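Scroll down for the structure; my scribbles are underneath it.
The values are calculated or read from the model by the stated rules, or taken from the named source; none is laboratory data. Source: prediction; values computed, not measured. Don't worry about glycine lacking a Cβ; one is built from the backbone with ideal geometry, like all the others, and counts go over all protein chains shown. The accessibility values were calculated without ligands, DNA or RNA, using every heavy atom of the protein model including side chains. Shrake-Rupley method; radii C 1.70, N 1.55, O 1.52, S 1.80 Å.
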Amino acid sequence: MPTRRAFLRTSLSAASALALGTKSGAAPAEAVTFLGPDDAEYATARALYNGGIATQPKRIARCLSEAGVRQALRRAIDETWPVAVKAGGHCFEGFSLNDDGLVVEVSAMNDLRLDARTGVLTAGAGCRLADVNRFLLARGRFLPAGSCEKVGLAGLTLGGGYGLFARKWGLTCDHLRAVRMVDGTGEIRDSRDDAELLWACRGGGNGNFGVVTQLTLQTRPAPRLFTSWKFRAFNLNVREATTLLAAWFEATPALPRDAFSAWVMNGRQVTILLTTIGAPGDPGIAAFHHHIGTVTDRASAPGTVPLAQALPRYYGEPGPQLFKNCSAGFYRGFADLEAALPAVFAEVLHESGMIFQVNTLGGAIASGPAGAYPHREFGYLGEQQAFWENPAHGPARIAAAGRIRGHLAAAGIRRHYVNYPDLAFADWPTAYYGAENYRRLQALKLRYDPHNRIRHPQSVSLPE
Ligand SMILES: Cc1cc2nc3c(=O)[nH]c(=O)nc-3n(C[C@H](O)[C@H](O)[C@H](O)COP(=O)(O)OP(=O)(O)OC[C@H]3O[C@@H](n4cnc5c(N)ncnc54)[C@H](O)[C@@H]3O)c2cc1C
């Protein structure tokens, strides 16, 4: 008979081995909980930022560990269920849910560890951006990512990840050093043994091959201060909005890499945002001010605040929201957009609630590491948005968004950001990845998920 202390020691080490998913045993039941529509927690586990998506998975596997994810995959294989993967639940089109299968939900896998010497962050796949910001800023470090508080680090990074700091440091996926993934066959993959997996996860890893359980990312020293300005122009018609957008495209090349700018048309009003983590008096910033200040009606006084205070200003509205957002394409410059603008702006002016936005890319993004993200040569990214509270307003806004998509396509704008998907994009594989990258992703699909277990309406397909 073991002594009580020896018994406890054995039980505890067995328990921690199980929790860590080591070889000494199968995953414990609590590493994953399977929720069905009748379970009280199902609605929370199913919740998406897009409140208009009504899909109802058969089961949601709420996972606490890699071992739990593996167990969930094994059940899906046994039951021949398709699998969707959910982290932060912010996918515009709801690709993290499905109707007839299993959703592997990883939001509770949200551990964060920082190697203080190297600045390397190890993050569970369930971390949200605001948690990452808080954790890193308290330690003097920072990860360039997106703006919205509850966006999942996994979904954002696996599709690229850009924001106010990307011109300075590159995309979030450019900071990715390694991933661990349970693939579509239930096997654990580590990109340290497989460079192709890291390549894929830099822009092509969203719900395509398996469930990423852990991301390892290089962080940056946290910038101390953040400065922002807003310029506004009111009561614009199509011609005036076009002239203002042309002026913005002319002004942006002068901006230093520390800076970011967005041009946002909401009805008859345009707001131009300018931010920097560098010197507010930089000559490029001054040139931008001079250019844009003369063609807008009002400029806000510069506000310089500590970064930790600035970030929550961009955290956005809490979900769920009723909206239709999607990529409005990548551009090299104004000329790419010019032909589409009269029709696009007419839609924005005609249908209330429509927003057309162009953001600066370029800078360090242009020379990031190799990966599935294929749009590095484009200096600008467009996004169209429509929000509504009254469900009755949805159909007209969705229809207007569809017409805008058509005007852009007719003008030859066919490259799109995979993290701003739209079910109606024609030839989405080329639009998101480029033809060559897509073929390479398909070869990986065959390797990691030969039975197409992991899938959503725009996931990478098996090669023909
Ligand atoms: C309000 C809002 C603000 C946004 N702001 C920005 C921004 O500033 N910059 C930017 O680049 N993008 C932004 N986005 C887009 C965002 O990057 C994508 O929606 C992203 O995919 C969301 O990730 P998620 O984990 O929250 O979403 P989810 O819906 O959970 O997942 C999104 C996709 O990633 C897959 N996925 C999630 N977790 C895993 C995993 N562990 N393993 C494998 N696949 C996985 C899902 O299957 C799905 O296909 C924003 C979106 C919203 C709604």
* Report, ordered by chain and residue number, the aspartates and glutamates lying within cross-link reach of K230, taken as a straight Cα distance under 13 Å and ignoring same-chain residues fewer than 8 apart. => D297
* Would you please give the FRET efficiency between A443 and R177, computed as 1/(1 + (r/R0)^6) with r the Cβ-Cβ distance and R0 = 25 Å, to the nearest 0.05? => 0.65
* **Eligible lysines near K150 by straight Cα distance, threshold 20 Å, same-chain separation 8 or greater** => K86, K324
* To do: Give me the number: length gained by fully extending Q269 to L137, i.e. 0.36 nm times residue separation minus the C-alpha to C-alpha distance, one decimal in nm.
  => 44.0 nm
* Along the Cα-to-C-beta direction of A54, a point sits 7 Å from the Cα; which residues of segment 426-464 have their amide N less than 14 Å from that point? -> none
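Given the rule -39500 (n - 2.57) for each run of at least 4 DSSP H residues, summed and divided by the residues of the chain, what is its mean residue ellipticity at 222 nm, to the nearest 500 deg cm²/dmol? Don't jump to the answer; show the numbers that get you there.
Working: 15 runs with 143 residues, N = 464.
Taken over the chain, the calculation gives -9000 deg cm²/dmol.
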* **Amide H contacts of R189 (H built 1.01 Å from N, under 5 Å, at least 5 apart or other chain)** => M181, V182, D183
* Structure fact -> With the dipole of the chain defined by +1 on each Lys or Arg Cβ and -1 on each Asp or Glu Cβ, the option from V212, M109, Y433 whose Cα lies farthest towards the positive pole is M109
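Keeping the other protein chains in place, figure out the carbon and sulfur percent of the accessible area of the chain, with a 1.4 Å probe.
Numbers: 10270 of 19430 Å².
Ligands and nucleic acids excluded, carbon and sulfur give 53 percent.
Report, to two decimal places, the Cα Rg of segment 328-426 normalised by 2.2 N^0.38 Å (N = number of residues). Each step should come with its number before you reach the end.
Details: Rg = 14.4 Å, N = 99, 2.2 N^0.38 = 12.6 Å.
Here the answer is 1.14, to two decimals.
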* What accessible area per residue comes out for segment 225-430, rounded to a whole number of Å², with a 1.4 Å probe? -> 41
* To do: Would you compute, for the Cα atoms of segment 27-105, the largest minus smallest coordinate along each principal axis and list the three values in descending order, in whole Å?
  => 35, 23, 22
* Structure fact -> Stokes-Einstein D for the chain (25 °C, 0.890 mPa s, Kirkwood Rh from Cα pairs), in µm²/s, comes to 106
* Asked: Computed FRET efficiency, Cβ-Cβ of F34 and E240, R0 56 Å: what is it to the nearest 0.05?
  -> 0.50
* Structure fact -> Note to self: with every protein chain in place and a 1.4 Å probe, segment 27-105 gives an accessible area per residue in Å² of 40
* Asked: Check A178: other-chain or 5+ apart residues with amide H under 5 Å from its amide H, H built from backbone geometry?
  -> T216
